[in-house]
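Here's the structure we're looking at; comments come further down.
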């Protein structure tokens, strides 16, 4: 259990932060940027939830919790049981990815195939879900970059990849099951 009795510690005043394994790294490190952008994605989910209800809100609540799991995974770099850790690090698992895939398939079954790219917007919920999608893609790029330098849980990368797809399809659902999607018209303003 997490207990936060004091919010500021002053330990980051010199530009470093502690990882889940206790190692101190620069706040601008790729790892910190990656899990920080996952946190930013979660903040956009919180905004999207302000425009959601029912099953969409419940799904976004599950995703928000998953994103905390993902942040915990990414902030603890020891992929293999390190004898120096006094706990088992939380890791993303294939089941979380598979749940997103099932949800994407169920939402997509309600939609007509796309014949054009769509522009972010339409309804307020859709616009917020598209913001979630773009921030999630940035998080994914940072995690993929991190994976070129250090070992990263493959399910963490897969989760972010599926999640951005989830946000895209959910945005279409929020646009009256795609009927109110704003279609891209190439060269419209030439």
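The values are calculated or read from the model by the stated rules, or taken from the named source; none is laboratory data. All figures in this text were calculated on a predicted structure; none of them were measured in a lab. When we count neighbours, we look across all protein chains shown, and the Cβ atoms used for this are built from the backbone with ideal geometry, even at glycine.
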Does segment 9-16 contain at least one residue that is out of contact with any strand residue (DSSP E or B) (no Cβ under 7 Å at 6 or more places or on another chain) and either within 26 Å of residue 132 (Cβ to Cβ) or at pLDDT 95 or above (or both)?
-> no
Please indicate, with yes or no, whether at least one residue in segment 133-156 is touching a helix residue (DSSP H, G or I) at 6+ places or on another chain (Cβ under 6 Å) and surrounded by fewer than 13 Cβ atoms within 10 Å (Cβ to Cβ).
-> no
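Listed here are the residues, each with its yes/no results for (1) touching a helix residue (DSSP H, G or I) at 6+ places or on another chain (Cβ under 9 Å); (2) closer than 19 Å to residue 128 by Cα; (3) without any contact (Cβ under 8 Å) to a residue 12 or more places away in the chain.
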| residue | (1), (2), (3) |
| --- | --- |
| 38 | yes, yes, no |
| 46 | yes, yes, no |
| 55 | no, yes, yes |
| 67 | yes, yes, no |
| 70 | yes, no, no |
| 73 | yes, no, no |
| 89 | yes, no, no |
| 92 | yes, no, no |
Within segment 58-78, restricting attention to residues that are outside any helix (DSSP H, G or I) and crowded, with 17+ Cβ neighbours inside 10 Å, which residue is modelled with the lowest pLDDT?
-> 77
Hits in segment 116-174 (condition: touching a strand residue (DSSP E or B) at 6+ places or on another chain (Cβ under 9 Å) and either assigned to a loop (DSSP other than H, G, I, E, B) or under 15 Å from residue 101 (Cα atoms) (or both)) | 116, 117, 120, 121, 122, 168
